[in-house]
Amino acid sequence: MKKFFEDIKKDIKFKSAGPGKKLAEGGSSKPRVVQNSGPAKPRHAAPTEGAQKAGAAALARIEGQPRPRAQTSQDAIRLQGERFLCIQQLLVKDPEFLSVTGVYFTCPLTGATLTKSEREVHIKEAIFMRFEEDAVEASIMMVHTFNKDREKVKAAVDIISKYIENICKNPTEEKYRKIKLSNKVFQEKVKTVEGSREFLQAVGFQSIMLDVEGQEESEEFLVLMEHDPEALEVMKESMDRLQRGEPVRAQLDHQPQAFRPSPNAMRFELPPEFYNLTAEELKREQQQKSEAVEKNAMLRTKAMREREEQRERRKYNYTLLRIRLPDGNILQGTFLAWDKVSVLFQFVRDSLVDGWQPFELVAPGGHKLREDQELALNECSLVPAVLLTFSWDAAVQADISAAVGKGPALLKPELLKNIRTLG
């Protein structure tokens with residue numbers, strides 16, 4: 001376009017000179033006749049004064065425009081931050097514009113759907129309610145769920161196991177069936193772990209005040225009354241359950257949702273829960289990076305860029321993934337950013353009528369995901385929101401189509417029943 005207007009400008013200058021002006025210093029004013037054996041070419045009329053002004057103005061506008069600058073990773077960071085801040089502001093006005101309303105979890109004990117802030121309190125209440133049904137199981141849940149320090153939990157479990165092993169090996173020895181609560185090991189290793197005393201009482205220990213030789217005041221002991229061999233065997237089984245115990249954790253609700261074919265499949269608006277940083281932290285980080293971008297842009301090596309990409313991936317707690325199916329419908333689900341790729345494949349398989357059939361998932365850029373990959377979703381750059389493409393295994397699908405005469409059904413009826421349209 002610029003060259004086009006430059007040509008016009010030259011043409012204007014040449015034709016505005018007129019036939020009566022000298023073509024060169026000392027030359028004749030008479031027009032020179034050029035012999036041409038071909039047919040005469042039509043002469044173009046000179047542009048009008050208005051056309052000349054319009055062309056000159058257009059050329060000036062083009063020359064005055066700044067050249068587009070290639071977008072850098074820092075630009076992407078800045079735009080991401082601005083988008084996040086904008087979303088937080090819009091949330092106050094209308095949360096309906098979000099791709100997903102939030103992040104939700106399911107309690108494995110009650111099946112209740114919970115927000116992130118509700119998880120801990122709800123699970124504690126559910127465990128306490130479990131004491132009415134199975135005190136041993138409930139106390140094991142307490143030990144492994146209420147205590148965050150896994151090393152302390154292991155130490156307490158080892159000591160409790162030692163108590164029970166000594167009793168089972170020496171069932172008639174009274175000293176092994178008494179635990180002095182003021183004992184230093186008990187105080188430092190067992191008492192500090194929530195649920196440990198509840199477990200001991202659940203397997204048969206009773207709180208009793210006993211006299212201590214050389215002391216005026218009696219002390220509290222946990223005492224196991226004499227047990228028959230069958231009861232001791234049950235206690236050993238309870239000890240094994242304690243050793244194999246695992247924390248009770250609310251499971252992320254993938255919130256499977258089907259959408260009709262839509263040109264908006266790649267548009268995502270995420271709630272703040274998807275981000276590790278608060279709005280203020282993100283804004284502050286943006287400012288710091290913007291200040292350093294120019295001086296570092298030319299000095300960043302490949303290794304530095306890779307480290308920066310890793311830091312970027314760690315900013316996300318969750319990721320929203322959409323899978324475009326062969327019929328155009330879209331399947332959406334929420335995942336932990338550190339979920340393995342196999343979790344995504346299982347989610348898709350559980351959503352299909354014929355999930356047993358082999359299929360492929362293709363990420364942006366044509367990268368095929370493998371179900372046996374040990375990589376996390378954020379390590380595959382599938383954060384914070386990505387549209388994937390689904391396809392059946394070509395060879396298997398050809399055989400099935402030939403046998404039944406049509407392609408298999410895709411999404412399960414319960415998903416299609418609640419299918420929605422992307423805004």
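No value in this document is a laboratory result; all are computed from the given coordinates. The structure displayed is predicted, hence computed values, not measured ones. Reconstructed Cβ throughout: ideal geometry from the backbone, glycine too, with neighbour counts over all protein chains shown.
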Per DSSP, the loop-located GluC sites (Glu not before Pro) within the stretch 196-271 having at most 14 other beta carbons within 10 Å are GLU213, GLU216, GLU217, GLU226
Applying the gyration tensor rule to the Cα atoms of the stretch 105-251 (axes a ≥ b ≥ c; rounded if a/c under 1.5, else prolate if a/b exceeds b/c, else oblate), the class is prolate
So, over other residues within a Cβ distance under 12 Å of ARG370, counting Lys, Arg +1 and Asp, Glu -1, the net charge is -2
Neighbours of MET209 by Cβ distance under 14 Å: Lys/Arg at +1, Asp/Glu at -1, summed charge -3
The stretch 321-344 scanned against label point 7 Å out from GLN255 along Cα→C-beta; backbone N under 19 Å for 321-324, 330-339, 344
Here the net charge surrounding LEU222, from other residues whose Cβ is less than 12 Å away from its Cβ (Lys, Arg +1; Asp, Glu -1), is +2
